[in-house]
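Visitor: Take a look at this one; I'll ask things after.
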Amino acid sequence: MSGVRVRAAWESFGPAAEVARRYREQGWWRSETFSEELRAAAAERPDEPALLTWRHREDELVALSFGELDARADSVAGALRDLGVRRGDVVAYQLPAWWEAAVLVVACLRVGAVVTPLPMLFGGYETERVLASTGAVACVVPEEWEGVPYARQLLEQEPRLPALRHRIVIGDATATGAVSLHGSFHGAQPTGTARDLDPLGADEVCALLMTSGTTSETQLVVCSPNTLGVGVTDWDPPVRAGEVFATTSGMSHLTGYRQILRTISARTPTVFSDSRDPGCWLRLIEDVGVTRLLWAAPQMLRSLAEEQRCQGRDVSSLLAVHSVGGPLSPQVVAVVQETLCPVVLNNWGMTEAGNLIGTTTGDPGDWAGRSLGRPRAWAQIRLEPVDGKAFRLHVRGPAVCLATVGRDSGQVRWSSFQDEGWLDTGDLVEPDGAGGLRFVGRVAERIGDAWQIPVADIEDALLTHPDIDDVVLVPWPHADGRETACAVVISQTRLELRDVRDHVAGLGFHESHLPTRIEHVTHFPRTELGKVRRKVLLGLLTEAAGPTLT
């Protein structure tokens with residue numbers, strides 16, 4: 001699928017004039033963007049820290065002030081302009097939680113480019129499909145990271161990506177004939193037409209974020225500065241002077257992307273780290289005096305709590321822990337309160353709509369383990385009965401994206417003009433008895449925790465195995481508590497788990513997406529329409545459950 005069709009789809013999106021007017025009157029949307037807000041922050045407190053990014057290879061915490069962030073964003077914007085990047089062009093990046101990613105986000109807004117963050121979990125297969133579908137003209141990658149030669153991989157993909165004009169590498173760019181931009185990222189002034197910029201407006205498309213493609217093709221989530229910025233100044237408990245935020249989610253996911261905006265709006269520094277090691281994070285919390293741990297997935301919170309029991313770090317600076325990425329169990333809440341911080345808050349959201357539901361400090365202390373919480377002030381909720389107990393959750397409001405577009409088909413899957421702006425989340429909930437909602441399950445069979453496994457892509461990849469006739473992925477509990485994938489296959493020969501893992505890995509998928517179990521069947525239970533009854537299949541498999549991959 002060429003990027004032309006996808007671009008034609010998302011370029012046409014924008015809020016209805018009446019909707020934009022109403023959201024502005026209500027105070028949720030503004031006329032300026034976070035780029036302009038950074039200008040103000042840089043003028044007010046140029047030398048105060050904005051980003052504190054830990055680079056574990058260098059064993060160094062790199063600080064970037066508001067003034068430096070502003071100046072370097074200008075410099076990179078000018079460099080992109082000199083490379084020929086123009087309004088509406090797509091610039092992708094696949095970077096660890098480095099300050100360069102934050103600089104690039106602002107720079108793209110200033111040059112008028114649409115940014116597409118690619119999660120580090122994306123392998124070459126997924127990355128290439130996104131670059132092709134968006135028609136990205138530039139892509140920024142590290143030379144190498146965690147054993148993956150990103151610069152070399154991008155070089156190999158280039159002949160199949162006719163729109164890609166610039167490979168920009170952080171590190172040694174000469175080895176692959178890429179562009180460096182090292183000087184620009186460190187504040188060197190660009191040349192030529194650098195100041196002839198054409199920045200995006202607050203209601204224009206500024207980012208294409210990715211869903212996980214768990215039940216169908218991956219979708220591009222079309223966002224504007226206004227949809228991304230809703231609620232970034234609302235804090236519970238209120239922000240105090242001298243606070244330091246920290247987020248474990250990186251900068252390529254919605255939560256990390258929006259945390260860059262929160263840093264600018266709150267004028268409060270945020271700690272990022274390119275290491276997910278819980279011991280590293282505990283040391284950073286202690287050394288920096290982090291006051292809020294933000295947007296940590298339940299799995300990460302479990303790991304931090306277990307590590308804290310071993311290390312016993314001084315984490316008394318923490319005022320609150322904010323979870324996101326899945327429902328919290330009472331057990332996880334209890335151990336986090338015991339080891340890290342007594343205030344644990346739950347947040348529910350999705351790439352298409354941000355964080356729309358959450359618990360608060362006014363709730364009982366253990367409530368985050370029993371409820372998703374109540375809708376935020378800006379969120380409208382619609383519940384459609386599914387059975388006698390569960391409801392299908394729909395949302396609407398200023399934080400909901402402008403549209404979603406099929407990554408490969410280029411077809412509009414949903415837009416704010418449909419169904420009066422109501423978005424079907426695909427989640428099932430029930431009332432929690434206190435004005436909020438409790439998570440029940442998923443309408444579709446999605447697999448994963450903080451990072452969802454791209455089910456359709458993995459199934460397609462497995463079908464390319466010469467010995468597999470048919471395959472279905474079902475969720476399976478890993479020995480460490482994660483929800484992973486079990487590959488249920490119909491094949492002429494009996495396959496080993498390593499066979500299918502090696503096959504999928506060889507196509508460029510990240511290890512976290514690989515099946516941890518394999519089961520062989522002769523047929524799948526199906527509906528009269530021919531669809532696989534996945535819950536029935538899973539029920540049959542769990543009757544004779546064996547050990548999982550550790």
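Throughout, read-outs are computed from the coordinates displayed, never taken from laboratory work. Quantities reported herein were computed from a predicted structural model and do not represent experimental measurements. Neighbour counts run over all protein chains shown; Cβ positions are idealised from the backbone, glycine included.
Visitor: With each label point set 7 Å from Cα along the Cα-Cβ vector, what nm distance links residue 286 and residue 533?
Guide: Label at residue 286, label at residue 533, 5.5 nm between them.
Visitor: To one decimal place, what orientation-averaged projected area in nm² is obtained for the convex hull of the Cα set of the chain?
Guide: Numbers: hull surface 100.7 nm².
Convex hull of Cα atoms, orientation-averaged projection: 25.2 nm².
Visitor: Another question about this same structure. Counting only residues 5 or more places away or on other chains, whose amide H sits under 5 Å from the amide H of residue 250 once H atoms are built in the peptide plane?
Guide: So residue 250 has HN proximity to 273.
Visitor: Considering only DSSP beta bridges with both partners in the chain, what is the antiparallel share in %, to the nearest 5?
Guide: Values: 51 of 84 bridges.
So the antiparallel bridges amount to about 60 percent of the total.
Visitor: Just to verify a number: FRET efficiency for residue 418 and residue 540, C-beta to C-beta distance, R0 = 30 Å, to 0.05? Walk me through the numbers before you get to the answer.
Guide: Values: r = 38 Å, r/R0 = 1.26.
Efficiency at R0 = 30 Å is approximately 0.20.
Visitor: OK, next. So how do 478, 520 line up by other beta-carbon neighbours within 10 Å, fewest first?
Guide: Fewest-to-most Cβ neighbours within 10 Å comes out as 520, 478.
Visitor: Which FRET efficiency value, to the nearest 0.05, is calculated for residue 265 and residue 48 with the Förster distance at 22 angstrom and r the Cβ-Cβ distance? Kindly include the intermediate steps, with their values, before the conclusion.
Guide: Working: r = 14 Å, r/R0 = 0.64.
After rounding, the FRET efficiency stands at 0.95.
Visitor: Please state the relative contact order of the chain as a whole percent: Cα pairs under 8 Å, 6+ residues apart?
Guide: Numbers: 1194 pairs, mean separation 73.6, N = 550.
13 percent.
Visitor: Would you mind checking which residues have amide H under 5 Å from residue 179's amide H? H placed 1.01 Å from N; only 5 or more apart, or other chain.
Guide: 167, 168, 169
Visitor: In addition: So how much slack lies between residue 383 and residue 31, counting 0.36 nm per residue of separation and subtracting their Cα-Cα distance, in nm? Write out the running numbers ahead of the final one.
Guide: Details: separation 352, 0.36 × 352 = 126.72 nm, distance 3.23 nm.
Gain on extension, residue 383 to residue 31, equals 123.5 nm.
Visitor: How high is the FRET efficiency from residue 182 to residue 505, r the C-beta distance, R0 56 Å, rounded to 0.05? List each step's numbers first, then the result.
Guide: Working: r = 32 Å, r/R0 = 0.57.
Step by step, r from the Cβ atoms, then E = 0.95.
Visitor: Return the sequence-ordered ³J(HN,Hα) values of region 89-105 in whole Hz as given by the Karplus equation 6.51 cos²θ - 1.76 cosθ + 1.60 applied to θ = phi - 60°, using x for Gly and Pro.
Guide: After applying 6.51 cos²θ - 1.76 cosθ + 1.60, I find 5, 9, 10, 9, 8, 9, 10, x, 6, 9, 4, 4, 5, 5, 4, 5, 4 Hz.
Visitor: Per DSSP H run of at least 4 residues, take -39500 (n - 2.57); add these up for the chain, divide by its residues and hand me the 222 nm value, nearest 500 deg cm²/dmol.
Guide: Working: 16 runs with 163 residues, N = 550.
Estimated from H runs of four or more residues: -9000 deg cm²/dmol.
Visitor: What translational diffusion coefficient, in µm²/s and rounded to a whole number, does the Stokes-Einstein relation yield for region 244-365 at 25 °C and a viscosity of 0.890 mPa s, taking the hydrodynamic radius as the Kirkwood radius over Cα pairs?
Guide: Numbers: Rh = 14.4 Å.
Calculated translational D: 170 µm²/s.
Visitor: So how many Å³ per residue does the convex hull of the Cα atoms of region 455-542 work out to? Spell out each step's value before the answer.
Guide: Values: hull volume 8.5 nm³, N = 88.
Per residue, the Cα convex hull of region 455-542 comes to 97 Å³.
Visitor: Further question on the same structure: What's log10 of I(q)/I(0) for region 41-109 at q = 0.16, 0.18, 0.28 Å⁻¹, Debye sum over Cα points only, no solvent?
Guide: Cα-only, vacuum Debye calculation for region 41-109: -0.61, -0.74, -1.19.
Visitor: List 206, 310, 108, 341 from most exposed to least, where exposure is judged by having the fewest other Cβ atoms within 10 Å.
Guide: Numbers: 206 26, 310 10, 108 29, 341 20.
In increasing order of surrounding Cβ atoms, one gets 310, 341, 206, 108.
Visitor: Also, quick follow-up: Among 439, 66, which comes first, second and so on when ranked by fewest other beta-carbon atoms within 10 Å? Write down the numbers at each step before the final one.
Guide: Working: 439 19, 66 25.
Listing 439, 66 from fewest to most nearby Cβ atoms yields 439, 66.
Visitor: Could you bin all the Cα-Cα distances of region 106-195 into 5 Å bins starting at 0 and give me the percent of pairs in each, rounded to whole numbers?
Guide: Percent of pairs per bin, in order: 3, 13, 23, 26, 20, 11, 4, 1.
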